[in-house]
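One structure is given here, and the rest of the page talks about it.
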Amino acid sequence: MLKFKKPNNEINLPFDMGLLDGISDPVVVVNEKYHIVHNNRAYQRIIEADPLSNATVVLTKNKSITATIKQCLNGNPGQSNEIFMPNPIGLYFSINMWRLPELRSEGPAWAMMVLRDVTAEKKAEEMRADFVANVSHELRSPLSALLGFIETLQGPAANDPDANKRFLGIMHSEAERMSRLIGDLLTLSKVESDEHISPDEVVEIGPIVKGVGSALSGEAEKKGMKIEFVEEEGIPLLLGDPDELTQVVQNLLANAINYGTPDKNIRLEIKNSSEIPDTGGEGIAIAVTNKGEGIPKAELSRITERFYRVDKGRSRSMGGTGLGLAIVKHIIGRHRGFLEIESELNKETTFTVTLPSVSLE
């Protein structure tokens, strides 16, 4: 097992350890006793971003890495390793290893591990596989319906104006749903591929949330609803992507309207948050609350899965693609935030997004 420990007798290396700080990839140096004796700034940033120290535990307790280090120290070329570090959203690294000094040198040796971030490549592979499986499943029904209607219009209903009008209306609706599905899939793919890159634009969240509330107030009024907007004083700034944050609020508010009970108002709040989950830092909370049938407790843990619907028939009838909350989850993950869902059947359901704030001082 690897351990963080400074050895008593250091060997003379052919370069200054400080040079490793100039390498953008994380670097860890291990001595012959499997003690981690040096790591560069890039690796230290991983540790600092992981308050629960999961990254350190995963690295030091990986038996495959320890075996590869042993091969490396003995002068044998070690196979490359791959490791997953949950810090805080999860990163994949490939690990390449070199022996220092070379085998012909006398004295004890060290192994230098260079970790290359392959998260984007891993997620791209997963997305390609998921895309094929999900799209084939979700498009099968509307495509089958379109083919059936086309055959009917070309045959028995060819000279029936009423049937033509009815079937063409259904075909138009199905085509629109497929278009929305493809649009949401492209959005989800982009969000997932960028999730490991934190946004760096300073954003004032109040105008964004209030703007979305105003834009969707007309849809709410069609169901006899009113959007009640509440904003606490002293809401701090945050680092974010304005377009993505707008989409988060739009999706949550649209769901509140679609699944809420008619003539019951929706509450849209922006509050200060004194403690972000896991990190304990300060931030802001956006809460959307509606009254309706609610979400069964057993469904809450799966509600943000792609294509997962509590009521499949109702969701499809309203034109839903089953991807809205999955998009929300990944956008919040990119912003290093958290999503909490509370629901009581036939009463209130609240979606709360908590995001870390930023100080410009």
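The values are calculated or read from the model by the stated rules, or taken from the named source; none is laboratory data. Since this is a predicted model, take the numbers as computed values, not measurements. Here the Cβ positions follow ideal geometry from the backbone for every residue, glycine too, while neighbour counts run over all protein chains shown. Note: accessible area is taken over every heavy atom of the protein model, side chains too, but ligands, DNA and RNA are not part of it. Shrake-Rupley method; radii C 1.70, N 1.55, O 1.52, S 1.80 Å.
Please identify, among Ala157, Ala175, Ala285, the residue showing maximal mean-square fluctuation in a Gaussian network model of the chain using a 10 angstrom Cα cutoff.
Checking each option, the largest mean-square fluctuation is seen for Ala157.
Quick check: pseudo-label points 7 Å beyond the Cα along Cα→Cβ at Leu153 and Lys223, how many nm apart are they?
Label-label distance for Leu153 and Lys223, simple model: 3.1 nm.
Please compute the per residue accessible area over region 204-272 with all protein chains in place, 1.4 Å probe, rounded to a whole number of Å².
Values: 3450 Å² over 69 residues.
Here the residues of region 204-272 average 50 Å² of exposed surface.
What does the net charge come to around Asn265 if you take all other residues with beta carbon closer than 10 Å to its beta carbon, with K and R at +1 and D and E at -1?
It works out to a net charge of +2.
Which whole-number percent gives the relative contact order of the chain, counting Cα pairs below 8 Å spaced six or more residues apart?
Values: 587 pairs, mean separation 44.9, N = 361.
Here the relative contact order equals 12 percent.
Among 209-222, 241-254, 159-172, how do they line up from the highest to the lowest mean number of other beta-carbon atoms within 10 Å? Intermediate results must be reported in sequence, preceding the final value.
Numbers: 209-222: 15.8, 241-254: 19.9, 159-172: 12.1.
Answer by packing, highest mean first, reads 241-254, 209-222, 159-172.
Accessible area per residue, 1.4 Å probe, Å², for region 125-181: what's the number? Could the numbers behind the result be given before it?
Working: 3840 Å² over 57 residues.
Roughly 67 Å² per residue, with all protein chains present.
Grab the alpha carbons of region 173-259, take their convex hull, and tell me the volume per residue in Å³.
Working: hull volume 9.8 nm³, N = 87.
It comes to 113 Å³ per residue, whole-number rounded.
Using only alpha-carbon positions, what ratio does the radius of gyration of the chain give when scaled by 2.2 N^0.38 Å? Walk me through the intermediate numbers first.
Working: Rg = 26.8 Å, N = 361, 2.2 N^0.38 = 20.6 Å.
Dividing the Cα Rg of the chain by 2.2 N^0.38 Å gives 1.30.
Setting aside same-chain residues fewer than 8 positions from Lys226, which aspartates and glutamates have a Cα under 14 Å from its Cα?
Leaving aside aspartates and glutamates fewer than 8 places away in the same chain, those within reach of Lys226 are Asp263, Glu269.
I'd like the carbon and sulfur percentage of the solvent accessible area for region 113-157, probe radius 1.4 Å, heavy atoms only, ligands and nucleic acids excluded.
Numbers: 1580 of 2610 Å².
Using a 1.4 Å probe with all protein chains present, region 113-157 comes out at 60 percent carbon and sulfur.
Just to confirm the number: angle between the C-alpha axis of helix 242-259 and the first principal axis of the chain, 0 to 90 degrees, nearest 10?
40 degrees
Whole-Hz Karplus ³J(HN,Hα) for region 327-342, in order, using 6.51 cos²θ - 1.76 cosθ + 1.60 and θ = phi - 60°, x for Gly and Pro?
4, 4, 4, 6, 5, 5, x, 5, 8, 6, x, 9, 10, 10, 10, 10
Could you work out the relative contact order of region 192-267? I mean the mean sequence separation of Cα pairs under 8 Å and 6+ apart, divided by the number of residues, in percent. Intermediate results must be reported in sequence, preceding the final value.
Numbers: 74 pairs, mean separation 34.1, N = 76.
Dividing the mean separation by the residue count of region 192-267 yields 45 percent.
Using the structure shown, list the pairs from Lys33/Lys70; Lys190/Lys297; Lys190/Lys210; Lys70/Lys123 with a Cα-Cα distance above 20 Å, or answer none.
Over 20 Å apart, Cα to Cα: Lys190/Lys297; Lys190/Lys210; Lys70/Lys123.
Put a dot 7 Å past each Cα toward the Cβ at Leu19 and Ala120; how far apart are the dots in nm?
Computed distance between label sites Ala120 and Leu19 equals 2.7 nm.
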